Amino acid sequence: MPSYLQIENISKSYGPKILFEHIGFNINEGDKIALIAPNGTGKTSLLRILAGKDSSDSGGRILFLKDIRIAFLEQEYEFDPEATVREQIVRDSRKWTEHLDPEHLADYELHIRQLLTSFGMSDWDRKMKNLSGGEVKRVAIVVMLASDADFYIMDEPTNHLDIDAIEYLENYLSHARCTLLMVTHDRYFLDSVANIVMEMDHGAVYVYKGNYENYLEKRQERIDNYNAETDKVRNILRRELEWMHASPCARSGKAKYRKNAFYELKDRAEQVYRTNQLDLGEIGQAKRLGTKIIDCKDLGFSYGDRCLLNDFSYKFQRYERVGIVGGNGIGKTTFINLLLDSLPPSDTGTVSGSIERGESLEIGLYRQTGMHFDENQTVLETVNDTHLLNRFMFPHEMLNTRISKLSGGEKRRLYLLTVLMKQPNLLVLDEPTNDLDIVTLNVLEEYLKEYKGTLVIVSHDRHFLDRLVDHLLIFCGEGKVKDFVGSYSQYREYMKDLEAEKKSKAREEEKASKASLSPKEQPSRNPDAPRKLSYKEQREKEALEKEIADLEAEKTELEGLMNGGITDHAELQRVTVRFSEVSSLLDEKETRWLELSI
């Protein structure tokens, strides 16, 4: 692939804090890059510079080698709360649509509607202020995908999305022939979409082709090689040190160059690769947990006619690891508030049933919106324990940093510390992976695997759930909650098998229903022979056979186009939409043909 974008000598600092300095790299057309770096090292700042929303401190150069269009998905989507979904999308899409004639504008609006429907948002007359955080994120993503941009820049695209929306976006991007640079903490999403991992580390940029596992392997090789080279330098330094300690006459005249080389060796020998990594080893384990945790009996909760929970009974057990999953706005956070007796005073819903809580419970609650720091306080004023702060990747030079100067991920990490340092025996984590970097998540997962208490996790991060929970409560809507023993991936496989079984059963029932018709309703015939069709039905069947053949040929052709050969993004989007339409039509025609063949 030809070089698409060249970045040279760009830097960014905030006050005395240097995020990155004089970095450069290339992006080729068709690259799908996941950018990985610890929180606070400038991932978002770098994306904003490339998107033209910010500038490099050192000047530098950002050179696009083609006249391309860029779409930027920021973490926080700015919107008018009084606008409808349609008005908001039209407003944000103006730069993409101002050149379109009425016919193409109608096609564009149809594409918007199809994308919204795919994301489970068919009503675009709702006001933005009435949408959940996940629904707002979907609107932002629809604006981006419909832009027909050549280059997508995405900052945490899966934050706040439910799993169905994540999987749709994952499938869309993995099949699209586009160029993208994204920051994401979702490791399943990363592996499915990205073909390159780019790491910002100690002021340099490293590029690894392949998936996340390959990145981890090659990164460790790089570190091992660097430290091995350091060992070699130290061996040379010892010999030079012996020379430096020799008699003065040995160090005179022509040996000055050797003295200069000695000091260069000494500097290099002191450079050992160190990873600044979260250390949860001394946070401590959970306080003693009694036999009763939380018992729910016939629990219900409604807002007017809207039922979020209906007749729910469950006993949480000691050391249980429960995952809570479901769509956006379906009631998961409200359920957590009910469990912990922490419904906001503004909630005017109706509660029924009962909840009993154990007397020995020490609850640690990490909320999606739970950070309420004094932005003017320093890190040390917020948590007055330098040892714990160092363990949580807040070194000495950051202790007097004001909260307002921290990145979103750094604030999340500090918030996590305030929860874990209480040593709770019931730990409830509501979307803990949002804004945390992958390295921090890996360490957090290892800690939680050894956690000696009851763990309840609300999350849309499939990797996080698979590693930590062995039991799921699935919120299905209309107050229904399913109980599933197993991991999230096992649940998804179960649901796929169940859906296939339902379709098969429906077909069998339809055949049985036709076979059970009375003699008056059903012409007498050999049960093994196909029934005699009317003239109209015979013509319909013949037409269906031709249509099915044509649709199958078109589907095969579209699959070939999607798998390679299309360079124009607008054409790929058209092909993708048509592929979905053809697949649906084919199912419909084949079903009708089977009906006529029985």
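The values are calculated or read from the model by the stated rules, or taken from the named source; none is laboratory data. Since this is a predicted model, take the numbers as computed values, not measurements. Note that we place each Cβ from the backbone using ideal geometry, even for glycine, and neighbour counts take in every protein chain shown. Remember, those area values only see protein heavy atoms, side chains included, never the ligands or the DNA or RNA. Shrake-Rupley method; radii C 1.70, N 1.55, O 1.52, S 1.80 Å.
The table that follows gives values for the structure above.
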item: Per-residue SASA entry for residue 20, accessible area with 1.4 Å probe, Å² rounded to 10; result: 10 Å²
item: Solvent accessible area, Å² - residue 239, 1.4 Å probe, full protein context; result: 140 Å²
item: Heavy-atom accessible surface of the chain: percent carbon and sulfur, 1.4 Å; result: 48 percent
item: Part-to-part distance (alpha-carbon centres) for the stretch 128-147 and the stretch 335-352, which is given in Å; result: 27 Å
item: Enclosed volume per residue, in Å³, of the convex hull spanned by Cα atoms of the chain; result: 237 Å³
item: Magnitude of the charge dipole, the chain, Cβ model with Lys/Arg +1 and Asp/Glu -1, debye to 20; result: 1740 debye
item: By accessible area with a 1.4 Å probe, ligands and nucleic acids excluded, highest first: order of 18, 363; result: 18, 363
item: Long-range amide H partners of residue 154 with built H, under 5 Å; result: 73, 181, 182, 183
item: Sequence of 476, 178 from largest to smallest accessible area, 1.4 Å probe; result: 476, 178
item: Selected from 498, 473, 458, residue furthest toward positive end of dipole (the stretch 456-507; charges at beta carbon); result: 498
item: All-pairs Cα distance distribution in the stretch 89-186, expressed in whole percent, bin size 10 Å; result: 14, 48, 33, 5, 0
item: Placed amide H near residue 287: partners under 5 Å, 5+ positions off or other chain; result: 425
item: Mean projection area, nm², convex hull over Cα of the stretch 1-59; result: 4.3 nm²
item: In Hz, Karplus ³J(HN,Hα) per residue of the stretch 175-181 (6.51, -1.76, 1.60; θ = phi - 60°; x = Gly, Pro); result: 9, 6, 8, 10, 9, 8, 10
item: Set of aspartates and glutamates near residue 496 by C-alpha distance (under 16 Å), chain-local residues within fewer than 8 positions excluded; result: 164, 167
item: Volume in Å³ per residue [convex hull over Cα atoms, computed for the stretch 408-518]; result: 139 Å³
item: Within the chain, percent of DSSP bridges classed antiparallel, to nearest 5; result: 55 percent
item: Space enclosed by the convex hull of the alpha-carbon atoms of the stretch 164-219, per residue, Å³; result: 84 Å³
item: Projected-area average for the stretch 17-92 over all orientations - Cα convex hull basis, square nanometres; result: 7.3 nm²
item: Column: log10 I(q)/I(0), Debye, Cα scatterers of the stretch 287-425, q = 0.12, 0.22 Å⁻¹; result: -0.65, -1.28
item: Probe 1.4 Å - accessible area at residue 467, Å² to nearest ten; result: 80 Å²
item: Nearest-0.05 FRET efficiency for residue 76 and residue 423, computed from C-beta distance (R0 30 Å); result: 0.35
item: Kirkwood Rh (inverse of mean 1/r, distinct Cα pairs), the stretch 333-379, angstrom; result: 13.4 Å
item: The stretch 1-121, relative contact order [Cα under 8 Å, separation at least 6], %; result: 24 percent
item: Diffusion coefficient, µm² s⁻¹, Stokes-Einstein with Kirkwood Rh over alpha-carbon pairs of the stretch 41-144 at 10 °C and 1.306 mPa s; result: 102 µm²/s
item: Shape box of the stretch 346-471 [Cα atoms, principal axes, largest first, Å]; result: 51, 35, 28
item: Neighbourhood charge, 9 Å Cβ-Cβ cut-off, centred on residue 285 and excluding it, Lys, Arg +1 and Asp, Glu -1; result: +1
item: Cβ-based charge dipole, the stretch 119-192, positive-most Cα from 175, 153, 143; result: 143
item: Computed helical MRE - 222 nm, the chain, DSSP H runs ≥ 4 contributing -39500 (n - 2.57), nearest 500; result: -13500 deg cm²/dmol
item: Label-reachable residues, the stretch 201-233, where backbone N falls under 18 Å from a point 7 Å from residue 18's Cα toward its Cβ; result: 201-206
